[in-house]
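Asks: Here it is, the structure in full.
The values are calculated or read from the model by the stated rules, or taken from the named source; none is laboratory data. Here the structure is a predicted model, which is why all the values come from computation and not from measurement. Note: ideal-geometry Cβ built from the backbone for every residue, glycine included; neighbour counts use all protein chains shown.
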Amino acid sequence: MSQLGLGMSSTTDESGGRRGVAATVVAVLVMVGLVGVLVAVGVRWLTSSPDYSGAGQGQVEVQVRPGDSVTRIGETLAQADVVRSSEAFVDAASAVPEAQGIQPGTYRLRLQMGAAEALALLLDPESKVTTKVVIPEGTRLETTVALISEATRIPAAELEEVLAAPAALGLPDYAEGDAEGFLFPATYDVAPGTGAEEVLAAMVARFDQAAQDVDLVARAADVGLDPREVVIVASLLEAEGRPEDFAKIARVIYNRLAADMRLQLDATVNYALGRGGLSLSPDDLAVDSPYNTYRVKGLPPGPINSPGEAALEAALSPEDGPWLYYVTVDPESGETKFTDSYEEFLQFKAEYKANRG
């Protein structure tokens, strides 16, 4: 019995020892694992770029200049305290391929933003700070200058100085150095700090695009004109009628030119007088000007406003018809009637006078 008891006692001690060693090994392994995690976290903390978190606060405007790299943009943002570090912004941008396409301009951002949030705003067109300049179709040059100046605060004198020596604007050769008719009517987003030359050059570039879209240079010969003359006709259409009547009015102009008739357009006389309006007096009609198409045969020497693409297209593709006259019989609705009969033309004039009251 004593040997059995001793044997049992001996077996129990040996098993307990093995369990203790195993527990110790597990504990050591757990400790090693925890240390590894802590080391990894520490290394990541030490090597990661410091960054703010969240959407930020307040508001600040930051300028991205042409040619700025992602790193340079990050430095600009960090200097403005938009992001905590340039490195944080570069890290965020490296995960977004679109970051390489950030456009130059001034952006409205917030202070102390997370780098990813700042990047998202730089890629959002709504964040870009711009002033809208709206130039309607058929706007004269002097009015265009006034609209640009009013919207952007660029002094009108600076715009006029550029227009007086427009070599840098990229005008087509057939503009003959005159910007009238070649500052395309459209809505432009102008960034803060943009100068007179840059604004005007953008408008000329937009004209070039429209001219290419309608194939102006190649198609001008189809209507027996040169490109400048097409722009002149298009400007007459803008001043004389509604878009739905452009192609018919163009045909009247071409028919009268072919018949060696004076165009007798009120809009050209108003341009010569530097004003608008529907009623012209005998003295008005006698004004001595190459733009007075009541006295001078042929097209006026230049455009009288900036035509849009619809007018350019109509000047290149007039509607077929025999018409020689047209009258806007209802000034309110713009209803216009066309005829090749002088007697009917006189009836249309009487209708206009009755509607005008």
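Asks: Would you please name the residue that is surrounded by the most Cβ atoms within 10 Å (Cβ to Cβ), looking only at residues in the stretch 68-95 that are hydrophobic (A, V, I, L, M, F, W, C) and within 25 Å of the chain's Cα centre (by Cα)? Give the derivation first.
Replies: Just the residues of the stretch 68-95 that are hydrophobic (A, V, I, L, M, F, W, C), to begin with: 70, 73, 77-78, 80, 82-83, 88-90, 92-93, 95.
Narrowing the set further to residues that are within 25 Å of the chain's Cα centre (by Cα) leaves 70, 73.
Details: 70: 18, 73: 25.
Only one residue tops the list, namely 73.
Asks: In addition: On the given criteria, is residue 121 assigned to a helix (DSSP H, G or I) and buried (at least 17 other Cβ atoms within 10 Å of the Cβ)?
Replies: yes
Asks: Hey, does the stretch 320-332 have a residue that's closer than 30 Å to residue 208 by Cα and either aliphatic (A, V, I, L, M) or more than 33 Å from the chain's Cα centre (by Cα) (or both)? Before you say what the answer is, go through the steps one by one.
Replies: First, pick out the residues of the stretch 320-332 that are closer than 30 Å to residue 208 by Cα: 320.
Narrowing the set further to residues that are either aliphatic (A, V, I, L, M) or more than 33 Å from the chain's Cα centre (by Cα) (or both) leaves 320.
Yes, that holds for at least one residue.
Asks: Determine whether the stretch 258-272 contains at least one residue that is in a helix (DSSP H, G or I), out of contact with any Asp or Glu (no Cβ under 9 Å at 6 or more places or on another chain) and hydrophobic (A, V, I, L, M, F, W, C). Spell out the reasoning first.
Replies: Start the filter on the stretch 258-272 by keeping residues that are in a helix (DSSP H, G or I), which leaves 258, 266-272.
With the extra rule that they be out of contact with any Asp or Glu (no Cβ under 9 Å at 6 or more places or on another chain), the set shrinks to 258, 268, 271.
Next, only the ones that are hydrophobic (A, V, I, L, M, F, W, C) stay: 258.
Checking the stretch 258-272: at least one residue is in a helix (DSSP H, G or I), out of contact with any Asp or Glu (no Cβ under 9 Å at 6 or more places or on another chain) and hydrophobic (A, V, I, L, M, F, W, C).
Asks: Another one. Here is a list of conditions, (1) buried (at least 16 other Cβ atoms within 10 Å of the Cβ); (2) not assigned by TED's automatic domain parsing to the domain that holds residue 71, and residue 115 meets all of them except one; can you say which number that is?
Replies: Residue 115 satisfies all of (1) buried (at least 16 other Cβ atoms within 10 Å of the Cβ); (2) not assigned by TED's automatic domain parsing to the domain that holds residue 71 except (2).
Asks: If you don't mind, there's one more thing I want to ask. For the stretch 216-236, indicate whether the set of residues that are surrounded by 15 or more Cβ atoms within 10 Å (Cβ to Cβ), outside any helix (DSSP H, G or I) and modelled with pLDDT of 95 or more is non-empty.
Replies: Scanning the stretch 216-236 turns up at least one residue that is surrounded by 15 or more Cβ atoms within 10 Å (Cβ to Cβ), outside any helix (DSSP H, G or I) and modelled with pLDDT of 95 or more.
Asks: Moving to a separate point now. Within the stretch 302-327, count every residue that is assigned to a strand (DSSP E or B) and surrounded by fewer than 22 Cβ atoms within 10 Å (Cβ to Cβ). Steps first, please.
Replies: The initial filter retains those residues of the stretch 302-327 that are assigned to a strand (DSSP E or B), namely 306, 325-327.
Narrowing further to those that are surrounded by fewer than 22 Cβ atoms within 10 Å (Cβ to Cβ): 325-327.
The number of residues fulfilling the criteria is 3.
Asks: Considering only the stretch 150-175, how many residues are of a type in the set (Gly, Ala, Ser), in contact (Cβ under 8 Å) with a residue 12 or more places away in the chain and surrounded by fewer than 18 Cβ atoms within 10 Å (Cβ to Cβ)? Please lay out each step first, then the result.
Replies: Kept after step one, since they are of a type in the set (Gly, Ala, Ser), are these residues of the stretch 150-175: 151, 156-157, 164-165, 167-168, 170, 175.
Checking the rest, the ones that are also in contact (Cβ under 8 Å) with a residue 12 or more places away in the chain come to 151, 168, 170, 175.
When the remaining residues are screened for being surrounded by fewer than 18 Cβ atoms within 10 Å (Cβ to Cβ), the result is 151, 168, 170.
Total satisfying the criteria: 3.
Asks: Confirm whether residue 101 is closer than 28 Å to residue 62 by Cβ and either in contact with a Phe, Trp or Tyr (Cβ under 8 Å, 6 or more places away or on another chain) or hydrophobic (A, V, I, L, M, F, W, C) (or both).
Replies: On the way: closer than 28 Å to residue 62 by Cβ: yes; either in contact with a Phe, Trp or Tyr (Cβ under 8 Å, 6 or more places away or on another chain) or hydrophobic (A, V, I, L, M, F, W, C) (or both): no.
Taking the combined requirement at face value, the residue does not satisfy it.
Asks: Oh, and also: Scanning for something under 21 Å from residue 185 (Cα atoms), hydroxyl-bearing (Ser, Thr, Tyr) and out of contact with any strand residue (DSSP E or B) (no Cβ under 8 Å at 6 or more places or on another chain), does the stretch 233-249 turn up at least one residue?
Replies: No - not one qualifying residue is present in the stretch 233-249.
Asks: While we're looking at this one, here's another question. Can you name the residue in the stretch 338-357 that is part of a helix (DSSP H, G or I) and among the polar types (S, T, N, Q) and, of all such residues, is farthest from residue 318 (Cα to Cα)?
Replies: 355
Asks: Sort through 271, 352, 291 and tell me the only one that's surrounded by fewer than 19 Cβ atoms within 10 Å (Cβ to Cβ), of a type in the set (Ser, Thr, Tyr) and outside the structural domain of residue 147 (by TED's automatic domain parsing).
Replies: Values: 271 fails: surrounded by fewer than 19 Cβ atoms within 10 Å (Cβ to Cβ); 291 fails: surrounded by fewer than 19 Cβ atoms within 10 Å (Cβ to Cβ).
Criteria check complete, one pass: 352.
Asks: Picking from 189, 178, 213, which residue would you name as being in contact (Cβ under 8 Å) with a residue 60 or more places away in the chain, surrounded by fewer than 16 Cβ atoms within 10 Å (Cβ to Cβ) and closer than 30 Å to residue 57 by Cβ? It would help to see each step written out before you state the result.
Replies: Values: 178 fails: closer than 30 Å to residue 57 by Cβ; 213 fails: closer than 30 Å to residue 57 by Cβ.
So the residue among 189, 178, 213 that is in contact (Cβ under 8 Å) with a residue 60 or more places away in the chain, surrounded by fewer than 16 Cβ atoms within 10 Å (Cβ to Cβ) and closer than 30 Å to residue 57 by Cβ is 189.
Asks: Within the stretch 307-351, which residues are touching a Pro at 6+ places or on another chain (Cβ under 7 Å) and more than 30 Å from residue 141 (Cα to Cα)? So that I can check it myself, show each step before the final result.
Replies: Pass one, the stretch 307-351, residues touching a Pro at 6+ places or on another chain (Cβ under 7 Å): 308, 310, 340.
Listed by number, the list holds a single entry, 340.
Asks: So, in the stretch 332-357, how many residues would count as being without any contact (Cβ under 8 Å) to a residue 60 or more places away in the chain and either under 16 Å from residue 240 (Cβ atoms) or in contact with a His (Cβ under 7 Å, 6 or more places away or on another chain) (or both)?
Replies: Result for the stretch 332-357: 8.
Asks: Counting only residues that are touching a strand residue (DSSP E or B) at 6+ places or on another chain (Cβ under 7 Å), assigned to a loop (DSSP other than H, G, I, E, B) and β-branched (Val, Ile, Thr), how many does the stretch 177-194 have?
Replies: So the answer is 0.
Asks: Could I ask something else about it? Let me spell it out: the conditions are (1) surrounded by 15 or more Cβ atoms within 10 Å (Cβ to Cβ); (2) in a strand (DSSP E or B); (3) more than 17 Å from the chain's Cα centre (by Cα), and residue 108 meets all of them except one. Which number is the exception?
Replies: (1)
Asks: Do you know which residues across the stretch 145-166 are under 21 Å from the mean Cα position of the chain (by Cα) and among the β-branched types (Val, Ile, Thr)? Lay out the reasoning, then the answer.
Replies: The first filter runs over the stretch 145-166 and keeps only residues under 21 Å from the mean Cα position of the chain (by Cα), leaving 145-154, 159.
If the condition is that a residue be under 21 Å from the mean Cα position of the chain (by Cα) and among the β-branched types (Val, Ile, Thr), then 145, 148, 152, 154 are the ones that fit.
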